[in-house]
1. Test of understanding: among Ala309, Ala258, which residue is away from ligand 2 (no atom under 16 Å from the Cβ) and exposed (fewer than 15 other Cβ atoms within 10 Å of the Cβ)?
2. For region 321-344, what are the residues that are loosely packed, with under 14 Cβ neighbours inside 10 Å and touching a strand residue (DSSP E or B) at 6+ places or on another chain (Cβ under 6 Å)?
3. Are any residues in region 172-224 small (Gly, Ala, Ser), under 12 Å from Val243 (Cα atoms) and near ligand 1 (Cβ under 8 Å from one of its atoms), and if so, which ones?
4. Answer yes or no: is there a residue in region 318-329 that is near ligand 1 (Cβ under 10 Å from one of its atoms), under 28 Å from Met125 (Cα atoms) and among the β-branched types (Val, Ile, Thr).
5. Any idea which of Thr157, Thr174 is over 19 Å from the mean Cα position of the chain (by Cα), of a type in the set (Val, Ile, Thr) and farther than 17 Å from Leu209 by Cα?
6. With respect to the numbered conditions (1) assigned to a helix (DSSP H, G or I); (2) in contact with a Gly (Cβ under 7 Å, 6 or more places away or on another chain), which one is the sole condition not fulfilled by Leu29?
7. Can you say whether His136 is within 16 Å of ligand 2 (Cβ to nearest atom), in the same structural domain as Val86 (by TED's automatic domain parsing) and surrounded by 21 or more Cβ atoms within 10 Å (Cβ to Cβ), as far as the supplied structure shows?
8. Restrict the check to region 149-163 and report whether at least one residue is modelled with pLDDT of 95 or more, farther than 21 Å from Ile336 by Cα and polar (S, T, N, Q).
Amino acid sequence: MKALQYRTIGSPPEVVDIPTPEPGPGQILLKVTAAGVCHSDIAVMSMSAERLPFPLPLTLGHEGAGIVAGLGDGVTGVTVGDAVVVYGPWGCGVCPACASGRENYCPHARTLGIHPPGLGSPGAMAEYLVVDDVRHLVPIGDLDPVAAVPLTDAGLTPYHAIRRALPKLVPGSTAVVIGTGGLGHLAIQLLRNLTPARIVALDVSEDKLQLARSVGAHEALLSDENAATRVRELTGGLGARAVLDFVGIDITGRMAVAMAGLDSDVQLVGLGGGAIPVGFAQVPYGMSVTAPYWGSRTELADVIALAQADVLSVRTETYSLDEAPLAYERLHDGKISGRAVILP
Ligand code: NAD
Ligand code: ZN
């Protein structure tokens with residue numbers, strides 16, 4: 001089968017021919033219908049050999065949707081032909097975190113050598129994908145797989161982050177979204193649906209700000225040296241109760257603190273490599289900084305239910321598997337509007 005693999009440190013991903021996998025006992029074979037292109041893959045492909053936490057070659061794609069095409073021995077709960085999306089942050093399955101669906105915080109996954117598809121295990125940018133356990137599948141019924149596949153990360157990660165900030169996002173509060181790409185454009189819509197907060201979106205280009213406004217941001221501002229002052233003005237000097245940073249560089253971290261209010265939540269989601277230093281009286285009283293990772297199984301079911309209720313408008317650009325390296329190039333250059341989706 002055809003697959004997109006990251007094969008050599010520092011080189012672009014390549015379309016290659018590899019053997020079609022067979023599902024072992026307990027596993028499920030999916031015919032992939034769609035796979036999302038995430039900026040985290042670019043972060044992974046920028047790592048040195050020493051930092052990369054898994055061996056190459058790696059079939060990319062940690063956002064996957066497919067049709068059940070084969071069942072290993074003992075699999076129950078899905079049947080051939082079912083349309084599903086894949087929950088990506090696989091855990092051990094038995095610890096308290098996993099038992100409550102929060103496999104994204106399984107403390108044993110790494111030591112057991114369990115890696116998410118596309119981030120250590122073979123991913124969804126291939127004609128077929130093997131999923132280790134039926135608990136990692138969420139049925140999507142007749143949802144369009146192209147619109148559904150970004151929900152597995154670009155939807156789930158902001159949903160998880162926003163849920164942590166919900167107590168702060170009371171009527172009259174403001175939430176700031178820094179970076180309105182794949183994750184950010186869904187964060188805006190989730191904030192609109194889950195909270196009464198006013199939403200201010202920041203990005204570096206006018207077309208991204210246009211997208212932010214069209215999906216529900218109340219204000220969309222250029223992310224420049226005046227942005228923090230503008231947010232303070234818009235909030236009557238109070239600052240934002242939640243700042244979601246989908247870039248994660250030092251500059252956006254400093255900006256997040258400068259626009260955060262008292263008793264606020266700053267969430268560092270982007271893998272830009274930046275840090276947010278915290279010191280008493282050096283940040284607003286009561287401000288917390290968290291670095292949330294992906295989301296839980298139940299939260300993915302919630303996000304799929306929101307899509308089924310028709311309240312999310314996922315912007316996508318589609319590419320064939322052969323065009324997938326181009327999609328990564330365009331993402332790197334900030335040229336994708338919403339999420340790029342590969343159709344293997
Ligand atoms: P994306 O490229 O689609 O979106 C990033 C957006 O940020 C773009 O619109 C870009 O124009 C904008 N941007 C760049 N510099 C900016 C700046 N200085 N100020 C404001 N906006 C700026 O990327 P994505 O796939 O949505 O991912 C966003 C980030 O989240 C990435 O760093 C990714 O690795 C990370 N991520 C983290 C998790 C997690 O679990 N923590 C999960 C998925 C993705
Ligand atoms: Zn991702």
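The values are calculated or read from the model by the stated rules, or taken from the named source; none is laboratory data. Worth saying up front: this structure is predicted, and the values here are computed from it rather than measured. Here the Cβ positions follow ideal geometry from the backbone for every residue, glycine too, while neighbour counts run over all protein chains shown.
1. Numbers: Ala258 fails: exposed (fewer than 15 other Cβ atoms within 10 Å of the Cβ).
Ala309 is the lone residue from the list that is away from ligand 2 (no atom under 16 Å from the Cβ) and exposed (fewer than 15 other Cβ atoms within 10 Å of the Cβ).
2. Asp322
3. Hits for region 172-224 are Gly179, Gly184.
4. Step one: list which residues in region 318-329 are near ligand 1 (Cβ under 10 Å from one of its atoms), which gives none.
No, region 318-329 contains no residue that is near ligand 1 (Cβ under 10 Å from one of its atoms), under 28 Å from Met125 (Cα atoms) and among the β-branched types (Val, Ile, Thr).
5. On the way: Thr157 fails: over 19 Å from the mean Cα position of the chain (by Cα).
After ruling out the rest, the residue left standing is Thr174.
6. (1)
7. Values: within 16 Å of ligand 2 (Cβ to nearest atom): yes; in the same structural domain as Val86 (by TED's automatic domain parsing): yes; surrounded by 21 or more Cβ atoms within 10 Å (Cβ to Cβ): yes.
Spelling it out, His136 is indeed within 16 Å of ligand 2 (Cβ to nearest atom), in the same structural domain as Val86 (by TED's automatic domain parsing) and surrounded by 21 or more Cβ atoms within 10 Å (Cβ to Cβ).
8. To start, the set of residues in region 149-163 that are modelled with pLDDT of 95 or more comprises 149-163.
Checking which are farther than 21 Å from Ile336 by Cα leaves us with 159-163.
Right, trim to polar (S, T, N, Q) and you get none.
So far as region 149-163 goes, no, none of its residues is modelled with pLDDT of 95 or more, farther than 21 Å from Ile336 by Cα and polar (S, T, N, Q).
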